[in-house]
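All of the numbers you see were taken from the coordinates with simple rules; none came from a lab. Bear in mind that the values here come from a model prediction, so they are computed numbers and not experimental data. Every residue, glycine among them, receives a Cβ derived from its backbone with ideal geometry; neighbour counts consider all protein chains shown.
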Amino acid sequence: MHTPVITKQVIIHAAYAGRTDAGLYRKYPFGQQRQRIKGSKGVEGREYINLLFKVEKEIEDLSFEEKKQKHQEASQPILDAFWTWVEKTSSMQTTDEKLTEALTYSKNQRKYLTTFMEDGRILISNNLCEAKIKPFATARCAWLFADTPKGAHANAVLYTIAETTKANNLDVYEYIKYLLEEMPNNDHIRHPEVLDKYLPWSDELPDPCRLKTKHRKCLKR
């Protein structure tokens, strides 16, 4: 399920919240040549994050409500220990600039790094989001019309629709074709509630919008 943000013109956004992630993980440094230094503060920081991801692996097949409960039971104690470690380590003098950067990042982003605790639907990692953004980022030189704020916004809306469509196992072409045919005549400006049946996760979408074959495993989360 993807949290919707319905735009005035048509549809959706798949909102991404939370950045407890590989980005934070990468900030906690190894030694030279990237070897692990036993007992180093960088390795200590990574171990806390490893434990959080271990919990996520163990609960990946649970319902959203069950995940939220398990986060409180298993992830919260790890987070508490991690933040205690961050504060204690930050008070120590160090010449390790990478470690200082990681600690500062953690403290400044604490609110966002713990967002996944609020809702079982929120992923602990933003890797999936970044993977979806990558094709857009690598092709950005082709988005010549997005040289104004309005152009960039239009581009973001269209791309979000396409990616949310794929995430819900729909045929992108057929789905957008369906929207273009239906939206001009459904009076959604005065009655925004009618938009619900057009969302990519709606059970009311016609069969032509649904993929006849599944994505290859490597394309799935």
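Sorted ascending by nearby beta carbons within 10 Å, beginning with the fewest, Glu66, Glu174 become Glu66, Glu174.
What you get for the stretch 127-219, charging only the Cβ of Lys and Arg (+1) and of Asp and Glu (-1), is a dipole of about 580 debye around the Cα centre. Put a dot 7 Å past the Cα of Tyr112, heading toward its Cβ, do the same for Thr148, and the two dots end up 2.9 nm apart. By the count of other C-beta atoms within 10 Å, a proxy for reagent exposure, Val43, Val194 are ordered fewest to most as Val194, Val43. Using the Cβ-Cβ distance between Glu47 and Glu101 with R0 = 22 Å, the FRET efficiency computed as 1/(1 + (r/R0)^6) comes to roughly 0.75. Which pairs in the list Lys177/Lys197; Lys111/Lys150; Lys70/Lys98; Lys57/Lys107; Lys41/Lys107 are over 27 Å apart, alpha-carbon to alpha-carbon? Result: Lys111/Lys150; Lys70/Lys98 exceed 27 Å.
Estimated from the Cβ-Cβ distance and a Förster radius of 41 angstrom, the FRET efficiency linking Asp80 and Lys134 is about 0.75.
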